[in-house]
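To keep things clear, I will list the structure first and then write my remarks on it.
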Protein chains: 2
Amino acid sequence: MGEDKLWEGRSLAARIRVEVAARAARFRRRMGRPPGLAAVLVGDDPASFVYVRNKARACREAGLYSEVHHLPATATQAQVVALVRRLNARPDVDGILIQWPVPAGIDYEAVVAEIDPARDVDGFHPVNAGALWRGRPRLVPCTPLGVLALLRAYGVTPAGRHAVVVGRSPIVGRPMAGLLLLQDATVTVCHSRTPELGRIARQADILVVAAGRPGLIGADHVAPGAAVVDVGINRQGGRLTGDVRRAEVLPVAAGVTPVPGGVGPMTVAMLLVNTVEAAWARAEGRPPDSLAACPPLREATA
Amino acid sequence: MGEDKLWEGRSLAARIRVEVAARAARFRRRMGRPPGLAAVLVGDDPASFVYVRNKARACREAGLYSEVHHLPATATQAQVVALVRRLNARPDVDGILIQWPVPAGIDYEAVVAEIDPARDVDGFHPVNAGALWRGRPRLVPCTPLGVLALLRAYGVTPAGRHAVVVGRSPIVGRPMAGLLLLQDATVTVCHSRTPELGRIARQADILVVAAGRPGLIGADHVAPGAAVVDVGINRQGGRLTGDVRRAEVLPVAAGVTPVPGGVGPMTVAMLLVNTVEAAWARAEGRPPDSLAACPPLREATA
């Protein structure tokens with residue numbers, strides 16, 4: 001017991017990256033250039049450096065072009081916006097992302113709203129957030145998309161299930177709820193103001209935890225047979241831990257995703273999916289569709 | 001018992017309309033013209049005729065300018081879009097709405113996406129839906145906004161409560177969930193694919209029913225002391241009925257909104273709120289803010 005309940009994401013993400021690389025290669029043959037991603041990093045957050053480097057490396061390994069724009073923490077809003085506008089105008093840039101968080105002087109939402117929605121590979125632009133909630137998803141945020149793909153790969157279908165999402169950030173919790181609803185789950189969103197988290201979490205067939213609170217979820221929060229997805233990435237004494245007390249939850253749950261090696265690799269793979277999809281969509285003059293472009297989800301609906 | 005539990009919306013809506021009329025009069029004095037609403041009606045749905053007429057009358061009574069564009073059921077997508085674009089360019093038109101439903105040949109979402117988001121007084125444009133879910137609401141859909149205002153007026157604050165929304169339409173259920181989440185409720189969205197509606201609905205402190213199924217909700221769906229909001233408008237033998245079996249639920253609940261005379265009048269009042277807010281926002285060169293412009297909500301947060 002335990003081994004097969006540990007729903008790791010690394011090998012799944014690797015398989016997806018192989019498919020994405022093939023799709024990127026077809027794009028390069030057709031268009032004479034690879035799909036391109038531009039990442040914007042403002043300031044000196046050490047974790048952000050690591051994330052951006054990992055994303056850039058994953059791009060290169062899949063045959064995408066990637067560039068990183070590093071602005072100092074003293075950069076003004078106007079400077080960041082001007083950079084985004086230049087990137088929007090570049091024909092070789094298919095995807096643009098602003099690494100979160102940004103320094104206090106920068107209005108993140110306002111910068112994101114400047115990205116061309118067709119290049120918004122994080123899916124954070126209001127137009128993309130709205131398209132999801134209006135029931136016509138285009139570019140969908142990478143982490144929730146990766147969670148959905150991981151669940152599908154491990155045989156969990158949201159339709160008719162009760163999904164509980166812990167956390168309501170615009171980056172993970174909210175779009176996760178939107179995606180699960182789109183897939184016909186009954187969806188509950190809990191957060192820091194939820195008085196009886198345990199009582200609600202125990203009703204979940206699918207429990208997605210994105211609270212950013214180490215060890216928040218224990219065995220008493222989990223129904224027997226539940227699918228538990230741990231989106232938490234917390235640094236404790238140089239080690240990464242999730243929001244779920246895994247050792248305690250594993251015997252109860254149908255499966256638990258580890259941290260690291262669970263959702264994290266899926267998020268990076270989905271960034272590649274979105275970038276290559278954005279490239280093809282622009283080339284073909286159609287709206288992008290993250291769900292249709294994501295291998296595990298495509299197979300499930302085919 | 002019963003009288004004070006019947007949370008009617010007519011007199012509350014009338015009070016709001018008086019405030020809106022005063023705000024519209026100030027706009028007229030300042031700008032030399034009243035705030036203006038253009039409604040677009042395509043085809044011959046009889047209920048839509050009534051809705052549009054009621055909205056136009058409410059505008060006139062509050063001192064707003066209003067015009068209705070009625071296109072035949074044979075109108076093409078291109079014709080409807082061309083009309084929307086002409087209205088977007090009109091300086092005297094502050095609000096534009098496309099009455100739902102539209103004939104089968106028209107793509108409603110695509111038409112709505114053509115409306116200038118700053119004039120989208122229904123709050124259905126992806127930019128406005130996305131702004132709500134990114135946590136920075138601008139123009140918010142009228143019915144959920146009216147529900148929130150009605151709850152506040154009857155002393156119900158969502159923060160820390162469990163709100164259950166039955167129905168997931170992009171018009172009511174989804175934006176209702178977004179608003180309740182924004183107000184710090186724990187939110188569950190149920191729908192036609194929810195297997196145990198009763199078990200979930202009985203957990204609600206606030207139960208908002210927008211399923212469009214007459215009499216769906218009975219006493220066995222309602223916890224003692226719950227606030228029950230009935231958004232259903234069903235025509236049965238020439239009479240309007242809601243989704244809630246009111247006589248049965250009234251003794252259990254803290255309050256129930258009637259149909260007609262509950263949420264309906266609030267929806268029309270919120271359309272006026274949004275139109276006058278859109279007018280002021282454009283005049284002042286700032287984004288519109290439905291929540292700040294809505295009297296009961298403004299008082300509650302002041």
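Every number here is computed from the coordinates shown, using simple stated rules; none is lab data. Since this is a predicted model, take the numbers as computed values, not measurements. All Cβ positions, even for glycine, are placed from backbone atoms using ideal geometry, and neighbour counts span all protein chains on display.
What share of the DSSP beta bridges in the stretch A:142-263 is antiparallel, in percent to the nearest 5?
On the way: 3 of 19 bridges.
Close to 15 percent.
For the stretch A:31-116, a crude dipole built from +1 on the beta carbon of Lys and Arg and -1 on the beta carbon of Asp and Glu, taken about the Cα centre, is about 320 debye to the nearest 20.
Return A:Val81, A:Val187 ranked ascending by Cβ neighbour count within 10 Å, so the fewest neighbours appear first.
A:Val81, A:Val187
With distances taken between every two different alpha-carbon atoms, the protein assembly as shown has a Kirkwood hydrodynamic radius of 25.2 Å. A Cβ-based charge dipole, computed about the Cα centre of chain B with Lys and Arg at +1 and Asp and Glu at -1, lands at about 580 debye. Its convex hull of Cα atoms gives chain B a direction-averaged projected area, equal to a quarter of the hull surface, of 15.1 nm².
Annotation: amide H of A:Leu71 within the under-5 Å range of A:Leu41, A:Val42, A:Gly43, sequence separation 5 or more or interchain, hydrogens built in the peptide plane. For the stretch A:143-204, the Cα-based Rg and Dmax, in that order, read 11.3, 33 Å. For A:Ser66, the residues whose modelled amide H falls within less than 5 Å of its own, excluding neighbours fewer than 5 places apart on the same chain, are A:Leu37.
DSSP bridge analysis restricted to chain A gives an antiparallel fraction near 10%, rounded to the nearest 5. Fewest-first ordering of B:Met266, A:Met31 by other beta carbons within 10 Å of each residue's beta carbon gives A:Met31, B:Met266.
Using only DSSP helix segments of four residues or longer, with each worth -39500 (n - 2.57), what per-residue ellipticity at 222 nm results for chain A after dividing by its residue count and rounding to 500?
For chain A, the value works out to -12500 deg cm²/dmol.
Mean separation of Cα pairs under 8 Å and 6 or more residues apart, divided by the residue count, gives the stretch A:142-263 a relative contact order of 22 percent.
Let's see if you can work this out: charge +1 on each Lys and Arg Cβ, -1 on each Asp and Glu Cβ, no other charges. What is the dipole magnitude of the protein assembly as shown about its Cα centre, in debye to the nearest 20?
780 debye
When each of A:Ile171, B:Ile16 is scored by the number of other beta-carbon atoms lying within 10 Å, the sequence from fewest to most is A:Ile171, B:Ile16.
Screening chain B for DSSP H helices whose Cα atoms reach 27 Å or more along their own axis and whose mean Kyte hydropathy is at least -0.5 gives B:10-31, B:263-284. Of A:Cys190, A:Cys59, A:Cys142, which is the most mobile in a GNM of chain A whose springs link Cα atoms less than 10 angstrom apart? Fluctuation is largest for A:Cys190.
The relative contact order of chain B comes to 21 percent, based on Cα pairs under 8 Å that sit 6 or more residues apart.
Taken as Cα centroids, the stretch B:157-227 and the stretch A:67-116 sit 39 Å apart, rounded to the nearest whole angstrom.
Taking every alpha-carbon pair under 8 Å whose residues sit at least 6 apart, the stretch A:87-172 reaches a relative contact order of 21 percent. GNM remark for chain A: springs join alpha carbons under 10 Å apart, and the peak mean-square fluctuation among A:Arg152, A:Arg90, A:Arg17 falls on A:Arg90. Note on chain B: with a GNM built from Cα contacts shorter than 10 Å, the maximum mean-square fluctuation among B:Ala185, B:Ala22, B:Ala153 falls on B:Ala22. Around the amide H of B:Ser169, modelled in the peptide plane, lie the amide H atoms of B:Arg174, all under 5 Å away and 5 or more residues distant in sequence or on another chain. Hey, any idea what Rg/Rh is for the stretch B:142-263, computing Rh the Kirkwood way over Cα pairs? The Rg/Rh ratio comes out at 0.92.
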